[in-house]
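Here's the structure, in structure tokens; my notes come after.
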């Protein structure tokens, strides 16, 4: 028997717990094949299916609870960390913030089924102050639905999954390089996709903090656009910056801009991804726009002034 297949079959519940825990903690492990295999094996062993469901659910809930508590403790800083460790560029473009603020409970319940939202939902729920009990109950229900639905697919198509397993068994040790190659291709796909997003962001014209500060001091017509808003508005901003946010690919909150002014967008994402995305949207509308290189962290690290975001503005943007 192939060692990998043997390991999954004999230690299925333990394997699922480890894989799902690593997946939810941000390690790019493909959990789907393991859940499908567990569902297929459940066609012949209902007790195993129950243990697999419990193990996968427990691992997911524990990892999500850790992210929720981290979000509660560190706020937006935790979202920045999620951007840095994630290989999914959707996590770094904060489109999910507005939807989460409006439909927080539904978002937590359905997050596992939504690419780009699944990983960021737990820390965002914590940062937004969702009650712990509500998060735990909704996340548990959503996790059971996600794990159960995926295993159910494996159960329904157990014959096809079984055929793949039998092929692996026939191949024996020779199948292991194919499995490793498939995993490597999966990682390569994520890395390439992230690199393309960052490459596109890098093509947008930049302005460094020192140059921007000088232009503002001289009174030049520059309008600052803070795109960190949405469901979780920032506590501080560059003085005079307008709060805006990305929703369904559209930049909102920028009505009545001065004619002829140059816009400078900024965020706190790695490689200024959100700010670059907003800049591209504005450029398509004919605006002259650049991105603050390094975003708000670079501005603050250089010692330039910041101001608290008024409560009314935070609520609006």
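In what sequence do 203, 23 fall when counting other Cβ within 10 Å, fewest first?
Lowest count first: 203, 23.
Starting with the fewest neighbours, write out 24, 72 ranked by other beta-carbon atoms found within 10 Å of each beta-carbon.
Going from least to most buried by this count: 72, 24.
How far apart, in nm, are two points set 7 Å out from the Cα along the Cα-to-Cβ line at residue 156 and at residue 218?
That separation, rounded to one decimal, is 6.5 nm.
Please rank 157, 21, fewest neighbouring Cβ atoms within 10 Å first, as an exposure proxy.
Taking fewest neighbouring Cβ atoms as first place, the list is 157, 21.
Given axes a ≥ b ≥ c from the Cα gyration tensor, I'd like to know whether the stretch 18-65 is rounded (a/c under 1.5), prolate (a/b larger than b/c) or oblate. Intermediate results must be reported in sequence, preceding the final value.
Details: a/c = 4.24, a/b = 1.70, b/c = 2.50.
Cα axes put the stretch 18-65 in the oblate bin.
Each reported figure results from applying straightforward, stated rules to the coordinates on display, with no laboratory input. Keep in mind that this is a model prediction, so the values were computed, not measured. Cβ coordinates were reconstructed from backbone atoms using ideal geometry, including for glycine residues, and neighbour counts include every protein chain displayed.
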